[in-house]
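Data first, discussion second: the structure below is written as structure tokens.
The values are calculated or read from the model by the stated rules, or taken from the named source; none is laboratory data. Just so it is clear, the model here is predicted, and its values are computed rather than measured. Virtual Cβ from ideal backbone geometry, glycine too; neighbours counted across all protein chains shown.
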Amino acid sequence: MSFNDTLHTMVQSEDGSFTAYSKEFDEHYHSTKDGALQESLQKHVIPALLHVKDKEEIAILDICFGLGFNTLATLYYMKLMGIKKKLTIYSPEFDKELIASLKNFQYPDIFDEFKDIIYALSSSGEYKDERLHSEGTLHVSLYLGDAREFLRTCKQTFDIVYQDAFSPSSNPILWTQEYFHDIARVIKEDGILTTYSISLATRLALHVNGFHIYLYAPEGCRSSTLASLSPLKNYEEVDMAHKITCNPDAKPLSDLEIKSF
Ligand SMILES: C[S@@+](CC[C@H](N)C(=O)[O-])C[C@H]1O[C@@H](n2cnc3c(N)ncnc32)[C@H](O)[C@@H]1O
């Protein structure tokens, strides 16, 4: 069976891994230039796992699941580096047809060992592995619905948030100051948020909710953003007061300006 349908088409990105193009959002799921796998590893997984290296248990919020690269690259990188933890991943995704078709997506070979996980998530939205006692345990749970709704009802808190929605221009409701208010409620005080967006509007939406903002230079990819409610060491903090002074008209996106919301 083919992955391609009227709304999704598989596309090869520059690192050789495949991503997809969404007709609905008129956008690719990853940067085709940076490469799907490289973008996921370099902008999200590597800085996030470095930040939580001393924790025995980690909870990740993967916004949104899409093709699942961020979840799968997390498992891949933990295995590669011999990182053993109790890991819980929650990931909202409202495209049920996409999730059902993931069995037919051409993932990088390094994800071959996770085929049973992809199959389980694609079929039931859930994967649990309690067998690996001495090696840590894994629970991945997809929320097949709206991410905003998920956040409003979420009782969990998270060590890591992968903020990987479609761009602010094509999917603004997942980038507003009200949205990041909900993220600030569910991210732990010492948690980390990773995102490919370096736009001032995104950074302002994080800033007004109490986040410290950092410029991150991932290996082999364009710059990205890290954010945390607590100051982070070893990264260059963006001077938001200075940015605001230099750009007095800049403002964060707001739910109030989004007609469909
Ligand atoms: C850029 S893609 C995510 C890529 C994904 N992180 C990956 O590694 O494959 C954005 C995803 O957000 C989903 N999405 C958009 N708006 C949503 C919403 N309000 N609630 C839940 N999912 C949403 C889309 O269906 C799409 O799969």
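Determine, yes or no, whether Leu50 is modelled with pLDDT of 95 or more, assigned to a helix (DSSP H, G or I) and out of contact with any helix residue (DSSP H, G or I) (no Cβ under 8 Å at 6 or more places or on another chain).
In short, yes.
Pick from the range 22-39 the residues that are surrounded by fewer than 21 Cβ atoms within 10 Å (Cβ to Cβ) and either more than 11 Å from the ligand (Cβ to nearest atom) or at pLDDT below 95 (or both): which of them is nearest to Pro108 (Cα to Cα)?
Thr32
Would you be able to say whether some residue in the range 82-100 is part of a strand (DSSP E or B) and of a type in the set (A, V, I, L, M, F, W, C)?
The answer is yes, given that some residue of the range 82-100 is part of a strand (DSSP E or B) and of a type in the set (A, V, I, L, M, F, W, C).
For the range 24-70, which residues satisfy the criterion of being touching a Pro at 6+ places or on another chain (Cβ under 9 Å), closer than 22 Å to Phe180 by Cβ and among the charged types (D, E, K, R)?
Glu39, Lys43, Asp62
Given the residues Phe166, Phe180, which is the only one that is buried (at least 20 other Cβ atoms within 10 Å of the Cβ), within 15 Å of the chain's Cα centre (by Cα) and hydrophobic (A, V, I, L, M, F, W, C)?
From the options Phe166, Phe180, the qualifying one is Phe180.
Would you mind stating whether Phe158 is more than 9 Å from the ligand (Cβ to nearest atom) and within 15 Å of Asp62 (Cβ to Cβ)?
yes
Determine if the range 5-13 includes at least one residue that is in contact (Cβ under 8 Å) with a residue 40 or more places away in the chain, out of contact with any Leu (no Cβ under 7 Å at 6 or more places or on another chain), in a loop (DSSP other than H, G, I, E, B) and within 10 Å of the ligand (Cβ to nearest atom).
yes
Could you check, for the range 177-189, whether at least one of its residues is free of Cβ contacts under 8 Å to residues at least 40 places away in the same chain, part of a helix (DSSP H, G or I) and either over 23 Å from Leu49 (Cα atoms) or within 13 Å of the ligand (Cβ to nearest atom) (or both)?
Yes.
Looking for something within 27 Å of Ala147 (Cα to Cα), among the aromatic types (Phe, Trp, Tyr), part of a loop (DSSP other than H, G, I, E, B) and free of Cβ contacts under 8 Å to residues at least 60 places away in the same chain - is there at least one such residue anywhere in the range 208-222?
Looking through the range 208-222, at least one residue is within 27 Å of Ala147 (Cα to Cα), among the aromatic types (Phe, Trp, Tyr), part of a loop (DSSP other than H, G, I, E, B) and free of Cβ contacts under 8 Å to residues at least 60 places away in the same chain.
From the list Ile117, Ile110, which residue is in a helix (DSSP H, G or I), within 16 Å of the ligand (Cβ to nearest atom) and under 19 Å from Thr137 (Cβ atoms)?
Going through Ile117, Ile110 in turn, the sole match is Ile117.
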